[in-house]
Amino acid sequence: SVDSVIFIPQGGLQFLPLHAAWRLVKGERQFFLDDFYVSYAPSIYSLKVAQERSLSRSQNGAYVAGVGKYKSKPLAFSELETEIVGRMLQTAPVMNNHVNKIAVERSVQGKAYLHFSCHGEFAWGTDALNSALYLFNDEKLTLSEILRYDLNSARRATISACESGLIDESIPDEAIGLPAGLIQAGVASTVTTLWPVDELSTSLLMDVFYDQLINQGQPAQKALQNAQAWLREATNEEIKEKLRNYNSSQAKKAYIALSVFNDAPDDKRFRHPYYWAAFTFTGG
């Protein structure tokens, strides 16, 4: 039986979380990702290339970077996320002033896993190559600059930033955006987002994603969807229990923030698709 589906969305469908489509089953929402493991691709050719790379890439080396300090809008839980991911990938994460263009270009070479927790922006209405990640001190790393990087060792790039998964089709027969650009630069697959995401729920989702991927040995698209399903169904008490196990000031701040809400322990704070459906897996 078929248990996986690959979407190559066009005509505006690339802006929708197709994996979060649902139908009613016995009065409850049954989501598409409950029935199938879903991945996306910019084109058939890029999918073929990405799948071939995935089979041949090593799993050695990781670069985990986070930026929480910005001039305008700081990210409260970027440090928590990088702490979690760094622990899973057995590498020391780098934060804030250590995350600049020069350091990033040097550090990503030869790494199998890349993870960024930062602000991102899709270049709506302009050249999609101007879509960017924002590094320390609001330094802008554009897609056109990333395309010049050597990412031929990268098995996976996770861009935990707002709108990092959007693509533009203003050029006929060509999809432009961070997922396609990263694959063009040499990455085998990406995990990106379709809209601005919640920081705390993202940190928790990434914890389960990397645990599934690294410790449980699940394929990336299955690991991501298992993490999405976990976040959707996790009770407030389960979320607090996970936060209790983190040893950081940000984890304690998150725990306190959750504790001030009057939600019942069995309520599911992150059940709404806003919190989990933005994340997509692209490539092989």
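The values are calculated or read from the model by the stated rules, or taken from the named source; none is laboratory data. Owing to the predicted nature of the structure, the values given are computational and were not obtained by experimental measurement. Don't worry about glycine lacking a Cβ; one is built from the backbone with ideal geometry, like all the others, and counts go over all protein chains shown. Keep in mind that these areas ignore ligands, DNA and RNA; they rest on the heavy atoms of the full protein, side chains included. Shrake-Rupley method; radii C 1.70, N 1.55, O 1.52, S 1.80 Å.
Points worth noting:
- Distance between the 7 Å Cα→Cβ label points at Asn152 and Val2: 3.6 nm.
- Segment Ile256-Arg87, length gained on full extension (0.36 nm per residue, minus Cα span): 58.6 nm
- Cα convex hull of the stretch 25-152 - mean projected area over all directions, nm²: 11.3 nm²
- Candidates Phe122, Phe270, Phe32: whichever shows maximal mean-square fluctuation once the chain is modelled as a Gaussian network with Cα springs under 10 Å: Phe32
- Residue-averaged [θ]222 nm for the chain, counting only DSSP H segments that reach four residues, each worth -39500 (n - 2.57): -9500 deg cm²/dmol
- Overall form of the stretch 241-284: oblate. Here a/c, set by the Cα gyration tensor axes a ≥ b ≥ c, is 1.5 or more, and a/b is not larger than b/c.
- Within the same chain, aspartates and glutamates fewer than 8 places from Lys242 are excluded, and of the rest, those with a Cα less than 19 Å from its Cα are Glu79, Glu81, Glu83, Asp198, Glu199, Asp207, Asp211, Glu233, Asp263, Asp266, Asp267.
- Heavy-atom accessible surface of the chain: percent carbon and sulfur, 1.4 Å: 50 percent
- Candidate values (i) 6, 24, 34, 26, 8, 1; (ii) 7, 30, 38, 21, 5, 0; (iii) 5, 21, 29, 28, 15, 2, 0, label of the one derived for P(r) over Cα pairs in 10 Å bins from 0, in percent: (ii)
- Distance violations [Cα-Cα > 30 Å] among Lys48/Lys222; Lys111/Lys253; Lys48/Lys240: Lys111/Lys253; Lys48/Lys240
- Phi-based couplings in Hz for the stretch 137-146 (Karplus 6.51, -1.76, 1.60; Gly and Pro marked x): 6, 6, 5, 9, 9, 7, 4, 4, 6, 4
- Lys140 long-range amide H proximity, modeled H, under 5 Å: Leu135
- Other residues lying with their Cβ under 12 Å from the Cβ of Val85 contribute a combined charge of -3, Lys and Arg counting +1, Asp and Glu -1.
- Gyration tensor (alpha-carbon) shape descriptor, the stretch 1-79, a/c threshold 1.5: oblate
- The residues of the stretch 30-172 have, on average, 46 Å² of accessible surface per residue, using a 1.4 Å probe with all protein chains present.
- In order along the stretch 13-27, the phi-based Karplus estimate (6.51 cos²θ - 1.76 cosθ + 1.60, θ = phi - 60°) of 3J(HN,Hα) comes to 5, 5, 8, 10, x, 4, 5, 9, 4, 9, 9, 7, 10, 6, x Hz; Gly and Pro are listed as x.
- Nonlocal amide H pairs with Gly61, under 5 Å, H built at 1.01 Å: Ala112
- For the chain, the dipole from Cβ point charges (+1 on Lys and Arg, -1 on Asp and Glu) about the Cα centre works out to 520 debye, to the nearest 20.
- Amide H partners (placed H, <5 Å) of Arg269, local residues excluded: Asn236
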